[in-house]
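Colleague: This is the structure I have questions about; it appears just below.
The values are calculated or read from the model by the stated rules, or taken from the named source; none is laboratory data. Keep in mind it's a predicted model, so treat the numbers as computed, not measured. Cβ: placed from backbone, ideal geometry, glycine included. Neighbour counts: every protein chain shown. Remember, those area values only see protein heavy atoms, side chains included, never the ligands or the DNA or RNA. Shrake-Rupley method; radii C 1.70, N 1.55, O 1.52, S 1.80 Å.
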Protein chains: 2
Amino acid sequence: MLNYKIILRTIGFLLIGESLFMLFPLIISIIYKGTDTSSFIYSSLITLVAGATFLSFTYKAKKQVGKREGYIIVSIVWIFFSFFGSLPFVISQAIPSYHDAFFETMSGFTTTGASILNNIEELPHGILFWRSLTQWLGGMGIVVLSLAILPAFGIGGMTLFSAEAPGVTTEKINPKIKDTARILWNVYLVFTLIEMFLLMFGGMNFFDAINHSLTTMATGGYSTKQTSIAYWDSPYIHYIITFFMILAGTNFSLSYFAIAGKPGKMFRNEEFKFYILIILTATALLTTGLMLTSDLGLEKSFRNAIFQVVSIVTTTGFATDDYLLWAPVLTAIIFLLFFIGGSTGSTGGGIKVMRIVLLLKNSYYELRRLIHPNAVIPVRYNKKSVNQQIITNVLAFFFLYVAVFVFSCLVIMLFVDDFDTAMGAVASSLGNIGPGLGAVGPVENYAFLHPAAKWFLSFLMLLGRLELFTIIVILSPAFWKR
Amino acid sequence: MLNYKIILRTIGFLLIGESLFMLFPLIISIIYKGTDTSSFIYSSLITLVAGATFLSFTYKAKKQVGKREGYIIVSIVWIFFSFFGSLPFVISQAIPSYHDAFFETMSGFTTTGASILNNIEELPHGILFWRSLTQWLGGMGIVVLSLAILPAFGIGGMTLFSAEAPGVTTEKINPKIKDTARILWNVYLVFTLIEMFLLMFGGMNFFDAINHSLTTMATGGYSTKQTSIAYWDSPYIHYIITFFMILAGTNFSLSYFAIAGKPGKMFRNEEFKFYILIILTATALLTTGLMLTSDLGLEKSFRNAIFQVVSIVTTTGFATDDYLLWAPVLTAIIFLLFFIGGSTGSTGGGIKVMRIVLLLKNSYYELRRLIHPNAVIPVRYNKKSVNQQIITNVLAFFFLYVAVFVFSCLVIMLFVDDFDTAMGAVASSLGNIGPGLGAVGPVENYAFLHPAAKWFLSFLMLLGRLELFTIIVILSPAFWKR
């Protein structure tokens with residue numbers, strides 16, 4: 001029997017938290033004397049009342065939270081957050097359509113960054129700030145979930161990774177979840193503030209700097225400008241954001257150890273090494289390609305290449321150039337990067353570098369197994385043998401990811417005419433990236449899509465953010481059988 | 001130390017076999033008084049001399065054929081066959097470019113059916129017959145390899161399947177490889193002859209009937225008409241070919257048992273049931289789709305749907321309609337079928353239905369494992385537990401297939417401008433299908449491609465035909481280390 005009360009009670013607590021976070025855009029709105037002030041007052045109150053109602057009906061709930069309750073809480077909290085989080089957009093009429101407002105909010109919390117807005121610069125400051133803040137909350141939310149909270153619940157899927165996450169291991173965290181969560185939040189906050197100051201140092205105003213540092217560290221990609229980072233024709237700003245995107249796509253516990261005086265842990269980590277290798281290889285290929293097919297010169301070619309590569313690999317989604325205008329094979333390289341994603345324990349989405357490493361290694365080991373069929377050859381990762389169960393899980397994840405991708409493309413093809421747009425929209429939503437291909441490229445937006453397609457893509461964002469298994473487990477009949 | 005002599009000796013024997021098979025198109029050429037008669041005499045002689053030379057230099061070879069020798073023979077025999085098999089095309093000047101002739105021959109032997117010809121009806125009868133015969137030889141070649149010869153060599157990759165292939169199991173075959181091979185050849189020959197008579201009964205002339213029955217049973221797809229089966233506006237011919245394509249995509253040992261009075265084995269087989277389910281589901285969806293978006297009427301919609309579905313699923317590649325002109329979502333359904341393939345132990349290529357079944361089952365079991373992490377839950381197939389090694393192999397195969405697909409698309413994007421053409425050409429070559437998307441759709445051909453792209457696609461055909469592992473094992477350094 002599921003403990004429904006504790007589920008509602010947890011959601012209630014979290015909603016009260018959300019209502020408090022709405023006070024930040026309220027303050028911004030008051031400072032900038034925006035037209036959106038009242039929308040935050042109403043939204044915050046509605047969310048607070050909803051949260052309090054949940055609490056009052058469940059004050060007798062038993063404290064026990066089992067694994068199944070954990071799965072449900074982790075899944076539906078994003079839906080509740082997006083529902084209440086979209087209120088400011090609707091009430092302020094910044095986004096009049098509820099379909100669009102929900103899409104924009106889910107895209108925010110899941111740090112996707114796909115937007116239906118085509119008038120970003122006309123929106124009031126409070127609304128823009130709330131948009132960025134949803135990403136920042138969602139970004140750290142997922143890191144804390146995957147590194148601190150889920151392992152304690154014993155929840156599968158992402159747990160397999162957090163259990164394997166180097167540095168901070170499950171055993172070390174369990175007795176002190178709160179400490180781990182606090183450390184991670186602090187690292188995140190400090191990185192965000194440093195980036196903000198560095199961007200202001202490069203000439204960005206305070207408002208743009210805080211917004212972009214929030215959405216960089218979240219690998220979210222929402223911008224205060226319709227043209228994204230291309231708005232600033234400044235190498236300094238491009239390189240600073242590139243650097244912080246790389247940082248945001250790195251396992252936060254590795255960054256913490258690096259700061260704490262153990263950088264060796266980072267540079268010995270196989271996932272980190274492969275992550276950097278992917279970025280450097282793709283950048284080298286694209287720089288060469290851009291040099292050969294344009295007259296941009298070395299620095300600009302390199303900068304456009306590395307910015308776009310890092311933006312896609314880390315699943316941020318900022319743009320300084322439209323990769324759809326590049327030579328087709330260069331666009332294809334970018335699209336390949338849609339299927340990699342950030343590191344485990346980072347704010348990045350997608351398949352994740354660690355899984356790619358394990359998939360490649362297992363293929364190599366499979367060949368050795370075919371040559372020496374009687375030898376038992378376990379895959380080694382970070383100098384340890386990897387349990388075969390984890391390999392099977394990663395392989396099953398990959399198959400599910402491809403299967404979900406393919407079937408989702410079929411669904412989106414009901415609403416669009418070309419494969420590029422469908423594949424781009426689906427890969428981008430599922431990988432929590434933002435821009436896609438075709439009609440949803442980096443200088444376009446998702447406004448034109450049918451509402452049903454928007455709801456479906458919102459679902460894919462959540463599915464991808466929780467790394468498939470969490471949602472699919474809940475949707476499976478076996479979960480509900482006893 | 002590799003026994004190179006026995007490798008060359010085996011190839012020598014097989015080339016003499018190929019030179020003898022060239023006498024069939026020679027006879028056809030003489031009967032139809034074609035301009036290509038001398039080209040077959042020369043080609044057959046050159047091939048015979050080459051084969052005899054190999055034999056004379058290796059008459060002292062030790063008879064021992066190890067596993068590694070087996071891998072090499074199985075791989076390079078296709079290259080030798082395609083090299084010598086392309087001679088009639090070049091010598092007769094039917095295909096003046098050697099790039100094109102090799103592509104056409106490799107496409108034949110691998111039963112792909114991708115063609116560079118845009119003047120099929122102008123070619124002499126002998127040449128057309130040789131083209132069809134390459135497919136027929138390649139088609140049965142792969143069945144005999146996978147069900148009779150490879151298990152005896154103990155070769156991995158496909159063996160895992162043949163070992164699991166229901167009905168004929170390894171233990172039963174080992175002592176009597178020749179018997180099994182003979183039975184399979186007989187079934188193949190009889191089916192081909194029956195189809196030929198049924199096509200002639202429907203009004204097709206002898207030459208067209210023999211060619212199409214050869215390429216149907218091989219799931220090859222070469223036609224004697226530029227417009228493929230659409231040339232015949234006959235429901236009877238369309239349905240007959242549909243039926244025999246389904247048969248060709250079915251495990252030949254199951255068909256043998258059905259003929260031998262044990263049809264139950266076929267209908268209890270999970271792969272066969274899923275194969276039929278896929279065909280029926282896709283046909284139902286596409287029939288509905290075509291009814292809604294055209295004024296073809298029920299029978300024509302159904303016929304166009306089932307013919308195209310079966311042609312792609314079985315990896316034959318015949319066409320009675322251009323699926324690129326259908327509503328985009330219907331084309332997308334067809335493209336999804338590019339990634340299924342025929343049954344194991346059939347002449348069909350692709351991922352194969354059995355792997356799809358195991359991938360889907362394993363995903364479901366993985367969810368159950370997440371819910372009950374301490375339970376050991378093996379995947380069951382045809383009422384038996386499947387060894388975890390086989391599951392890992394299938395999962396690794398799927399990852400490799402996707403990885404090869406993606407990287408090959410990147411390579412082809414160097415030569416074409418749009419993703420559709422690249423994805424279509426690669427999926428079609430790797431799956432041994434024939435037609436693709438975009439500029440290589442069912443009413444187009446591969447002539448316009450850069451020679452480098454043609455050589456690369458030829459390599460993919462071989463890679464796909466031998467189910468990846470065989471070729472990749474040989475290309476891996478571990479294979480050559482001792």
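Colleague: Scan the range A:323-339 residue by residue and report those that are open to solvent by less than 20 Å² (accessible area, probe 1.4 Å) and not in a helix (DSSP H, G or I).
Modeller: Result: A:PHE338, single match.
Colleague: Go through (1) open to solvent by 30 Å² or more (accessible area, probe 1.4 Å); (2) among the aromatic types (Phe, Trp, Tyr); (3) farther than 29 Å from A:ILE340 by Cβ for B:TYR381 and report which single condition fails.
Modeller: Tallying (1) open to solvent by 30 Å² or more (accessible area, probe 1.4 Å); (2) among the aromatic types (Phe, Trp, Tyr); (3) farther than 29 Å from A:ILE340 by Cβ, B:TYR381 fails exactly one: (1).
Colleague: Could you tell me whether the range B:337-359 includes any residue that is under 27 Å from B:LEU214 (Cβ atoms), among the β-branched types (Val, Ile, Thr) and within 14 Å of chain A (Cβ to nearest Cβ)?
Modeller: The answer is yes; a qualifying residue exists.
Colleague: Anything in the range A:48-66 that is touching a Gly at 6+ places or on another chain (Cβ under 8 Å), open to solvent by less than 50 Å² (accessible area, probe 1.4 Å) and not hydrophobic (A, V, I, L, M, F, W, C)? List them, or say none.
Modeller: Correct list: A:GLY51, A:THR58.
Colleague: Of the residues that make up the range A:86-99, is at least one under 30 Å from A:SER253 (Cβ atoms), in contact with a Ser or Thr (Cβ under 8 Å, 6 or more places away or on another chain) and not charged (D, E, K, R)? Can you show your working first?
Modeller: Residues of the range A:86-99 that are under 30 Å from A:SER253 (Cβ atoms), as a first pass: none.
Taking every residue of the range A:86-99 in turn, none turns out to be under 30 Å from A:SER253 (Cβ atoms), in contact with a Ser or Thr (Cβ under 8 Å, 6 or more places away or on another chain) and not charged (D, E, K, R).
Colleague: Restricting to the range B:419-439, and then to whatever is among the hydrophobic types (A, V, I, L, M, F, W, C) and within 14 Å of another protein chain (Cβ to nearest Cβ), can you tell me which residue is farthest from B:GLN226 (Cα to Cα)?
Modeller: Among them, the one singled out is B:PHE419.
Colleague: Which of (1) free of Cβ contacts under 8 Å to residues at least 40 places away in the same chain; (2) crowded, with 22+ Cβ neighbours inside 10 Å; (3) among the charged types (D, E, K, R) does B:LYS33 not meet, given it meets every other one?
Modeller: Of everything listed in (1) free of Cβ contacts under 8 Å to residues at least 40 places away in the same chain; (2) crowded, with 22+ Cβ neighbours inside 10 Å; (3) among the charged types (D, E, K, R), B:LYS33 misses just condition (2).
Colleague: Among helices (runs of 4 or more DSSP H) lying entirely in the range A:150-211, which contain 1 or more residues that are open to solvent by 20 Å² or more (accessible area, probe 1.4 Å), away from chain B (no Cβ under 14 Å) and modelled with pLDDT of 55 or more?
Modeller: In the range A:150-211, A:150-153, A:177-201 are the helices (runs of 4 or more DSSP H) which contain 1 or more residues that are open to solvent by 20 Å² or more (accessible area, probe 1.4 Å), away from chain B (no Cβ under 14 Å) and modelled with pLDDT of 55 or more.
Colleague: Which numbered condition in (1) under 26 Å from A:SER428 (Cβ atoms); (2) over 19 Å from the mean Cα position of the chain (by Cα); (3) modelled with pLDDT under 95 is the only one that A:PHE252 fails?
Modeller: With respect to (1) under 26 Å from A:SER428 (Cβ atoms); (2) over 19 Å from the mean Cα position of the chain (by Cα); (3) modelled with pLDDT under 95, A:PHE252 is out only on (2).
Colleague: When you check A:SER363 against the structure, is it over 21 Å from A:GLN226 (Cα atoms), touching a helix residue (DSSP H, G or I) at 6+ places or on another chain (Cβ under 7 Å) and more than 10 Å from chain B (Cβ to nearest Cβ), yes or no?
Modeller: Considered against the rule, which asks whether it is over 21 Å from A:GLN226 (Cα atoms), touching a helix residue (DSSP H, G or I) at 6+ places or on another chain (Cβ under 7 Å) and more than 10 Å from chain B (Cβ to nearest Cβ), A:SER363 comes out as no.
Colleague: A follow-up question, please. Of all residues being among the small types (Gly, Ala, Ser) and under 23 Å from B:ASP322 (Cα atoms) in the range B:437-455, which is surrounded by the fewest Cβ atoms within 10 Å (Cβ to Cβ)? Just the residue, please.
Modeller: So in the range B:437-455, the residues among the small types (Gly, Ala, Ser) come out as B:438-439, B:441, B:447, B:452-453.
With the extra rule that they be under 23 Å from B:ASP322 (Cα atoms), the set shrinks to B:438-439, B:441, B:447.
Values: B:GLY438: 18, B:ALA439: 19, B:GLY441: 20, B:ALA447: 16.
Per the stated criteria, the residue is B:ALA447.
Colleague: Which of the numbered conditions does A:PRO378 fail, given that it passes all the others? Conditions: (1) touching a strand residue (DSSP E or B) at 6+ places or on another chain (Cβ under 6 Å); (2) facing another protein chain (nearest Cβ under 7 Å); (3) not aromatic (Phe, Trp, Tyr).
Modeller: Status for A:PRO378: all satisfied but (2).
Colleague: Output the qualifying pairs, or none if there are none: Cβ atoms under 9 angstrom, residues six or more apart or on different chains, first residue in the range A:396-418 and at the interface with another protein chain (Cβ under 7 Å from one of its Cβ atoms), second residue open to solvent by less than 10 Å² (accessible area, probe 1.4 Å) and among the aromatic types (Phe, Trp, Tyr).
Modeller: Close Cβ pairs satisfying both conditions: A:ALA396/A:PHE469; A:LEU400/A:PHE469.
Colleague: Which of the following residues is free of Cβ contacts under 8 Å to residues at least 40 places away in the same chain, surrounded by fewer than 21 Cβ atoms within 10 Å (Cβ to Cβ) and closer than 22 Å to A:LYS300 by Cβ: A:THR227, A:THR281?
Modeller: A:THR281
Colleague: Any residue at all in the range A:234-249 that's assigned to a loop (DSSP other than H, G, I, E, B), open to solvent by less than 30 Å² (accessible area, probe 1.4 Å) and touching a residue at least 12 places away in the same chain (Cβ under 8 Å)?
Modeller: Yes, the conditions are met somewhere in the range A:234-249.
Colleague: Check whether at least one residue in the range A:312-335 is of a type in the set (Phe, Trp, Tyr) and more than 25 Å from A:ILE237 (Cα to Cα), and report yes or no.
Modeller: no
Colleague: Just give me the residues in the range A:67-96 being on the phi < 0 side of the Ramachandran plot and open to solvent by 40 Å² or more (accessible area, probe 1.4 Å), in sequence order.
Modeller: Applying the first criterion (on the phi < 0 side of the Ramachandran plot) to the range A:67-96 yields A:67-92, A:94-96.
Residues satisfying the conditions are A:LYS67, A:ILE76, A:ILE79, A:PHE80, A:PHE83, A:ILE91, A:PRO96.
Colleague: Then there's this: Take B:VAL310 and tell me if it is surrounded by 23 or more Cβ atoms within 10 Å (Cβ to Cβ) and more than 8 Å from chain A (Cβ to nearest Cβ).
Modeller: Against the criterion (surrounded by 23 or more Cβ atoms within 10 Å (Cβ to Cβ) and more than 8 Å from chain A (Cβ to nearest Cβ)), B:VAL310 qualifies.
Colleague: Scan the range A:456-482 for residues that are among the hydroxyl-bearing types (Ser, Thr, Tyr), within 14 Å of another protein chain (Cβ to nearest Cβ) and either buried (at least 21 other Cβ atoms within 10 Å of the Cβ) or touching a residue at least 24 places away in the same chain (Cβ under 8 Å) (or both) and report the count.
Modeller: Result for the range A:456-482: 1.
Colleague: Considering the range A:95-127 alone, what residues qualify as being in a helix (DSSP H, G or I) and in contact with an Asp or Glu (Cβ under 9 Å, 6 or more places away or on another chain)? First the steps, then the outcome.
Modeller: In the first step, residues of the range A:95-127 are kept if they are in a helix (DSSP H, G or I); the result is A:98-109, A:120-122, A:125-127.
Correct list: A:HIS125, A:GLY126, A:ILE127.
Colleague: Next question, about the same structure. Taking B:GLY317 as meeting all but one of (1) on the phi > 0 side of the Ramachandran plot; (2) assigned to a helix (DSSP H, G or I), write down the number of the exception.
Modeller: (2)
Colleague: For B:ASN393, state whether it is surrounded by 17 or more Cβ atoms within 10 Å (Cβ to Cβ) and within 12 Å of chain A (Cβ to nearest Cβ). Explain how you work it out, then say what you get.
Modeller: Numbers: surrounded by 17 or more Cβ atoms within 10 Å (Cβ to Cβ): yes; within 12 Å of chain A (Cβ to nearest Cβ): yes.
Spelling it out, B:ASN393 is indeed surrounded by 17 or more Cβ atoms within 10 Å (Cβ to Cβ) and within 12 Å of chain A (Cβ to nearest Cβ).
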